[in-house]
Structures are given as C-alpha cells and as structure tokens.
Number of protein chains: 2
Amino acid sequence: MSLSTTKVVRFHQTGNASVLMIEDLPVTEPGKHEIRFVVEAIGLNRAEIMFRNGAYLEQPELPSRLGYEAAGIIDAVGKAVTDFKVGDRISTIPAFSMGRYGVYAERAIVPSSAVTRYPKHFTAQQGAAIWMQYITAYGALIYSGKLKQGQRILITAASSSVGVAAIQIAKNQGTMVIATTRGKSKKQFLLEQGADYVIQTDSEDLVSTMANITQDAGAELVFDPIGGQILSQLAEVSSKGGRIIEYGALANEPTPYPLFSALAKGLIIQGYTIFEITQNKDKLEEAKAFLLTLFNDKKIVPVIDKIFAFDQIRQAHEYMESNQQKGKIVIRV
Amino acid sequence: MSLSTTKVVRFHQTGNASVLMIEDLPVTEPGKHEIRFVVEAIGLNRAEIMFRNGAYLEQPELPSRLGYEAAGIIDAVGKAVTDFKVGDRISTIPAFSMGRYGVYAERAIVPSSAVTRYPKHFTAQQGAAIWMQYITAYGALIYSGKLKQGQRILITAASSSVGVAAIQIAKNQGTMVIATTRGKSKKQFLLEQGADYVIQTDSEDLVSTMANITQDAGAELVFDPIGGQILSQLAEVSSKGGRIIEYGALANEPTPYPLFSALAKGLIIQGYTIFEITQNKDKLEEAKAFLLTLFNDKKIVPVIDKIFAFDQIRQAHEYMESNQQKGKIVIRV
C-alpha cells in the first residue's frame, strides 16, 4: 500500500460473494465531524450480505463500499472533533450509511458520532465484534422489551452473533432463555452460551415444546430475525400481553399477521432495527453504558467463531451464507 | 312479566338476526359477588353480532344469552357486595362472559366488579352507551397509545360507536384527528364529532391523502378495527416509530404483516381488546376516573344514533349490520 492509497472492498454490481473486489483507492481527509482510522479488524454482519445482494433497507449506489463494524487506531480527526485524538483505539457503531462510509477497508473514515472506545481488555478482533450484536440485542431486550428477572424469552435463529448476544444479555437479566436452532450441531454451543433450553426446529415442534417448557404460560418476549410463516407460531407461543420483536426477514417469504391471536392475547408485534438506538444520542449513550458495565465486569465476552484474512473477504461472506457459524465472523486486517 | 320470570334474549343456534328469541326465564338470585338489576336500556355492540354468528373471541354454549352493556336499577345484591345497594342507578362494564351474564334482558345478573355508577346528568339510554366505546377508545389511545397534544391519529371505520368515542377523546387530547369512512353520507357527522379531516376510502386514496394531510410525516397512532389488506396501507401512512392498534377483524380476510415497513419504521402493531383494561382492577379504575372527569365536565357526550324497543331486537341487530348508524344503537326496555 502506498501512503496515498488504501485497499477498500467494493462491489460494482449486486450479487453473490464474487462481486466483492479489493481496490486501491486514494486516502482522503476526514470531514469536520469525521475521523479516519487504520483498520485492525472488521466484524461481519448479515446486513452486509443483504446490502451486497441489493436486498437491504439501504440500496447501494454502485460502485459501493460496505461494512458497519471495524476496530482500529485513529490516524486523523476532523476539525470539529474534540472527543477523540490520533492514536485512540476505537471501534465503530452502525450509525451511518454503509454505502457512504463502509468500513471493509485498510483505512476508513466514519462520523465521530459513530465511534467509541472499547474495553481495554478486548483485542481489536473482539472490539470489532461487539457493537452491532450487543446494541441490537440490548435495544430489543432491554430498551423495548424491558426484560425482567423471572420472565421467559424465546430467541430464534439463536446461533447468529445477535442471537448469542441476546442469550448472554437475557441470561444476565435472570430470565428463562429458550433458544431455537435448525440442526443439532449448534445445540451444545447454545447451552454453553447460557440458553436454558434449545429447541431444534427441524425435529421438534415449536408450539408443543414451548407449551411443555413454559407450562403453557408462553414467552413474554420473542426475538426473531426470520419472519414469514413462523410468525403465527411465535404468536401461539407468546404469553398473554407478550411482545414479539421482528428484526429481520431471513425467511424471505410473505408474513401473515396472526390477527386473532394478537386480539385474544393483546400481543405487540414490533419491527425493530439497531438504528432505533444508534440514531438517537441519548438511547445510544444508555446502551453503551449498559453494555460497557457488562463487558468491564467480565459478565459478557463476545464469541468469535472464525477469523479470515482481508483478502479472504469473499470466502468470509460465503461462510456466513453457509450458516455454519456460531457467533461472530471477523476479518483480520 | 310475572314476578318470578323475566324476558331474556337468547339464541339456540348461531346465525343471522332471526336466531334471536325473546324467552321467559325464571328470575334467580344474585351470587355472593353479583348484583341483579332491572334493565332500563341496552347498548348494542358489534361483539354481540359476532358472538351471535359464532365468530367472536368467546364461543357461545347454546342456548346462549348475549349482551355486554346495559343500564338500570339494582333490585338485589349478593351477600359479599358492599359498594352497591338496592335502588342504585348503574350501568355495566364489559368484564364478564357474555354467554353467562348476557344483559339483553328485562332483568339481569352481573358480577358487581362489572358494575359502576354513571353520571347523574346522563339518561339510562346514555348510561348504556358509554363504557364499551369509551373504555375501548381510552385503552387504545391513552393507556397504550399515550396520545399527546400535537400528535396525529388516524381512526378508521370512524362512524362506529368506538370510532366516535376515539374521535372525541383524541380531539380532547389536542391531537390532529383524521377519520376514515366508506361513503360520503357520514362525512359531515364525523367532522361534527371533532375530526379535522375525513377521508372517504371508496373515492380517495388513503396513502396519498394521508401524505398530503400530514405533509409526509404520517400518523403516530392508527386505531383500526378492519384488519386484512388495509394493514399494509396503514403501515405506509404511519410515522417513524408509529403504533397501529388493531381492535377488530371486520375485513374477515387474511391480514398480511407489513414486515419491511415495520422494520424500516420501527412500527409497533398491537392487538387490543377492551378486556386488557376491564380485567385489571387498577387499569379499570384509571379508565373510569379519566372518563368520568370528561363526562362530568361535559367535554364528551355519547352519541346515540337510534333507539329500538325491546321486542325489536332482531331489527336492531339488522340495522347495526347494515352499517348505516352513526354512533350507538340503544334498546329501550
């Protein structure tokens, strides 16, 4: 890498992992409210797969950068930035346009409002593997769900990085945690993360198993990234007055709304993304304070599944799409 | 009527209004926690039409009584009842099984917990036309919706008794009230009740009209008894972070869940029935206190559309099913 260029992952068309290209782009100066940093590690998220496919909330302007999460060391700050300085060890919070600021790069620029210090005892790879998953889970479970000791929570597709973060936070709140996964290969892993029960949805019936586990009381909170046909079952396994938080559309099929269950039980079904927290300064500060306490008290440690090199970015995306991972996929830069 | 029998409306099979029969049944004594009253007026609700059709949350045990709302004078109290006495002028709150306690009768027995005094300046016909509609609207708009001055609310199918109650409460909260109705016959009536705008859904496009009215900001709260295909449009016209409260299933068709709008806007879609309030003593007391203040300050007056005689009960049901009414249908007993 010359001093005046840096390697950046971009795509010139939407599609599968093969559209990702590593390109040399000029290094630019951060704007007034931005910082530039030398990237040490990148955390991968399903949002980036969807963005690359053209199926995300934000549509890419081609050619497009991508990436929400990275950790590194600041090497330049904008004129109006007062809370960070060159040399600071920071990681990014997903509170920006991925197309404009995408952090899949060796050097990247982001708004300083989307930057934070991470616990000293975390490696850069851990620092790149915290904010997306833990803020997403915090916003749903604590901010919206107001999860309390003794309640029951159902976490579907629980082996993703957000799923694992949700298990850890829910367990720390003193709740009964029920996790779902498709195969049996991840069952032991989910139990180790703190799940009290794991339901294998390819071989066990969700509704009757939940009825057994909860003695027909159902779950006060359901945290689901799947949507589609499963929503009706989630309504069935919810408690009276329960809340279902939908945070994804993995099923990629129409989602019938369970109107009669919703009326009979007074169910709340809520669409949710991390931006509800990250785009609001006060909510974000509350989230960070809550999580930093858990990190610093060593009550929660991010789970890294596998580490890829920067030039293996396509393989890393393909690995995420294969759904084998248990926890976070990280790129070492 | 002999002293030992009373006329009661029952049905021996589910079906259209012709299944309703007026029968002489023995007068029984109230149980320990019940009161008996001489009925002066009965308020009709769509719940009773659905119950008669076998399409309500509660299934009838045939032959079945029906009816949630009546006003009258107490003529006997159970042994454990201390807060009411013979001669009290009361009306009923829907907080009981309609099949067991149905108040379509000349004398009826209900749990004392479902009984309340109504404002002295109201007639019995007004007394029978308040609790269902105003508690339903209160629970959605105030308790769940936390409707505040300056917000915008969309009230669909607004000419029903609950719709009118919602308009009145919303207007009293200082909000912008947008009401929908199918034809133009009820437009003037809804404006007179306090709606700032009325959208005629048979001739005006809901989404673009709402965009014009709210200058693209959308409604913070939507209160809808229809469900079905309209839910996707309601999501489109909701504000960021908006709440849609579904309280019925008039469309009688599958209801697609607008997952992508819900995710993008962080929408809350909530199933709701009056029982969420009436089955909880504290919530019910709060509701009554809120509403009695509005009634006693004469800020809100129930709107009675048409009064039928007791032996016209079938015609009264048919009239409700014809959807001509603007406000409450009442039976004079």
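The values are calculated or read from the model by the stated rules, or taken from the named source; none is laboratory data. Worth saying up front: this structure is predicted, and the values here are computed from it rather than measured. Virtual Cβ from ideal backbone geometry, glycine too; neighbours counted across all protein chains shown.
Quick check on segment A:128-138. Is at least one of its residues modelled with pLDDT of 95 or more and more than 18 Å from the chain's Cα centre (by Cα)? Checked segment A:128-138: no residue is modelled with pLDDT of 95 or more and more than 18 Å from the chain's Cα centre (by Cα). Every condition in (1) touching a residue at least 60 places away in the same chain (Cβ under 8 Å); (2) surrounded by fewer than 23 Cβ atoms within 10 Å (Cβ to Cβ); (3) not in a helix (DSSP H, G or I) is met by residue B:153 except one, and the failing one is (2).
Return the residues of segment B:8-50 that are touching a residue at least 60 places away in the same chain (Cβ under 8 Å) and among the aromatic types (Phe, Trp, Tyr); say none if nothing qualifies. Scanning segment B:8-50 gives a single hit, B:37. Whether a residue is under 17 Å from the mean Cα position of the chain (by Cα) and crowded, with 18+ Cβ neighbours inside 10 Å was assessed, and residue B:300 passes this test. So is residue A:197 closer than 24 Å to residue A:328 by Cα, among the hydroxyl-bearing types (Ser, Thr, Tyr) and touching a strand residue (DSSP E or B) at 6+ places or on another chain (Cβ under 6 Å) or not? Here the answer is yes, as residue A:197 does meet what is asked.
Here residue B:267 fulfils each of the conditions (1) closer than 25 Å to residue B:55 by Cα; (2) among the hydrophobic types (A, V, I, L, M, F, W, C); (3) at pLDDT 95 or above apart from (1).
Of all the criteria given as (1) facing chain A (nearest Cβ under 10 Å); (2) part of a strand (DSSP E or B), the one not satisfied by residue B:179 is (1).
The residues of segment B:40-75 that are within 19 Å of the chain's Cα centre (by Cα) and β-branched (Val, Ile, Thr), listed by number, are B:42, B:49.
With the condition kept exactly as written, say whether any residue in segment B:192-204 is among the hydrophobic types (A, V, I, L, M, F, W, C) and at pLDDT below 95. Checked against the condition, which is being among the hydrophobic types (A, V, I, L, M, F, W, C) and at pLDDT below 95, segment B:192-204 yields no hits at all.
Listed conditions (1) more than 25 Å from residue A:322 (Cβ to Cβ); (2) more than 11 Å from every other protein chain (Cβ to nearest Cβ) are all met by residue A:190, apart from (1).
Per the conditions (1) crowded, with 22+ Cβ neighbours inside 10 Å; (2) assigned by TED's automatic domain parsing to the domain that holds residue A:35; (3) not in a loop (DSSP other than H, G, I, E, B), the sole criterion not satisfied by residue A:95 is (3). Checked against (1) farther than 21 Å from residue A:267 by Cβ; (2) in contact with a Leu (Cβ under 8 Å, 6 or more places away or on another chain), residue A:185 passes all but a single condition, namely (2). Looking only at helices (runs of 4 or more DSSP H) that lie completely in segment A:222-315, which have at least 1 residues being under 17 Å from residue A:163 (Cβ atoms) and more than 7 Å from chain B (Cβ to nearest Cβ)? Qualifying helices (runs of 4 or more DSSP H): A:230-236, A:281-296.
Every residue, every condition in (1) in the same structural domain as residue A:125 (by TED's automatic domain parsing); (2) surrounded by fewer than 22 Cβ atoms within 10 Å (Cβ to Cβ); (3) in a loop (DSSP other than H, G, I, E, B), yes or no:
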{"residue": "A:14", "(1), (2), (3)": "yes, yes, yes"}
{"residue": "A:35", "(1), (2), (3)": "yes, no, no"}
{"residue": "A:40", "(1), (2), (3)": "yes, yes, no"}
{"residue": "A:47", "(1), (2), (3)": "yes, no, no"}
{"residue": "A:51", "(1), (2), (3)": "yes, no, no"}
{"residue": "A:54", "(1), (2), (3)": "yes, yes, yes"}
{"residue": "A:58", "(1), (2), (3)": "yes, yes, yes"}
{"residue": "A:82", "(1), (2), (3)": "yes, yes, yes"}
{"residue": "A:85", "(1), (2), (3)": "yes, yes, yes"}
